[in-house]
Amino acid sequence: MEAWDEIRTAFHVARQGTVSGAAAELGVHHATVIRHIDALEGRLGTKLFQRHARGYTPTEAGRDLLQVAQATDDQFTQLVGRLKGRGDSVTGELVVTSLGLLSPLLVPVIASFQLAHPGVVTRYLTGERLFRLEYGEAHIAVRAGPAPEQPDNVVQKLFTSRTALFASRDYIERHGMPQGDADLAGHFFVGADAEDNRAPYYQWLRERVSRDRVVFRATDARVVKHAALRGVGLAFLPLWEAAQHPELVQVGESRTEWEAPLWLVTHVDLHRTAKVQALLKHLKTAAQDWG
């Protein structure tokens with residue numbers, strides 16, 4: 001255990017670059033840090049750091065040792081994430097992650113779960129990056145698109161999100177209701193800023209409407225929705241989201257090729273814990289009413 005304490009100290013010195021920084025992070029006296037480094041170098045018979053006026057820089061031997069320390073630190077982080085999820089009660093921290101554009105769909109469900117289980121501290125994290133379930137960064141991920149294939153994850157189908165064209169009633173009053181696909185070329189659209197957006201409905205639109213008819217362009221799907229609500233033009237929206245805005249009118253039918261499945265993803269080590277199972281059940285029950 002003493003050797004691990006020394007390696008852990010060396011790891012923090014390398015990260016901070018100074019003895020004082022490592023001491024502060026570890027909560028020990030700077031003399032303890034120096035003693036651990038000296039003892040470890042004596043034990044290994046080699047210098048792990050170059051000392052200079054600005055601090056400590058790892059030598060080649062130091063970098064080799066620190067790669068092992070980094071891997072060990074990552075494994076401990078993973079273990080902590082797993083242990084946080086254990087237990088038979090629906091209490092403690094519960095981390096859910098998804099794309100931000102799914103928040104209008106998920107927040108009411110997660111909020112009702114929170115109210116039913118006041119012993120839970122909910123963290124709902126949104127963003128483009130995939131949170132690493134195997135490192136305990138999240139308990140449940142809601143992901144869209146093809147079924148995730150990461151090893152050691154449990155993947156369950158939650159819902160199929162369907163998309164159609166919508167316009168505000170104000171837009172329809174000013175420009176009329178499109179009469180079939182052939183009539184779309186004379187209308188205005190709100191869409192993706194990237195001309196080569198790979199969403200199947202945008203590919204479909206490019207075959208029927210010239211680019212200059214997309215008069216409002218954005219990188220965020222939520223911006224597209226708000227522009228459509230303001231009557232700027234027709235926009236592709238999920239049916240579940242458009243249903244929350246009675247001022248929107250559906251233009252044409254939803255198509256099978258525009259559908260996007262949503263998946264519940266959990267790590268196998270946390271999947272059976274009480275709080276994860278409780279929220280999974282709550283989400284699945286809610287999804288039955290999403291239409």
Inset, instruction - Find, among the trypsin sites (Lys or Arg not before Pro) in segment 119-173, those assigned to loop by DSSP (not H, G, I, E, B) with at most 12 other beta-carbon atoms within 10 angstrom. - result: 129
Inset, instruction - Sort segment 197-240 into rounded, prolate or oblate with this rule: let a ≥ b ≥ c be the square roots of the eigenvalues of the Cα gyration tensor; rounded if a/c is under 1.5, and if a/c is not under 1.5, prolate when a/b is larger than b/c, oblate otherwise. - result: oblate
Inset, instruction - Select from the chain the helices, each a whole stretch of DSSP H, whose alpha-carbon atoms run 24 Å or more along the helix axis and whose Kyte-Doolittle mean is at least -0.5; answer none if there are none. - result: 60-84
Inset, instruction - In debye, nearest 20, what is the charge dipole magnitude of the chain about its Cα centre with +1 on Lys and Arg Cβ and -1 on Asp and Glu Cβ, if you could check? - result: 320 debye
Legend entry - Beta bridge orientation in the chain: antiparallel %, DSSP, nearest 5: 60 percent
Inset, instruction - Would you compute the Debye intensity of segment 163-258 from its alpha-carbon atoms alone, equal scatterers and no solvent, and pass along log10 I(q)/I(0) at q = 0.16 Å⁻¹ to two decimals? - result: -0.57
Inset, instruction - If a/c stays under 1.5 just call it rounded; otherwise compare a/b with b/c (prolate if a/b is bigger, oblate if not). Do that for segment 1-65, with a ≥ b ≥ c from the square roots of the Cα gyration tensor eigenvalues. - result: oblate
Inset, instruction - Write down the percent of antiparallel bridges among all DSSP beta bridges whose residues are both part of segment 163-258, to the nearest 5. - result: 60 percent
Inset, instruction - Go ahead and estimate [θ] at 222 nm for the chain from helices alone: -39,500 (n - 2.57) per DSSP H run with n ≥ 4, summed, over the residue count, rounded to 500. - result: -12500 deg cm²/dmol
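All of the numbers you see were taken from the coordinates with simple rules; none came from a lab. All of these numbers come straight from a predicted model, not from anything done at the bench. Using ideal geometry, Cβ is built from the backbone for each residue, glycine included, and neighbour counts are taken over all protein chains shown.
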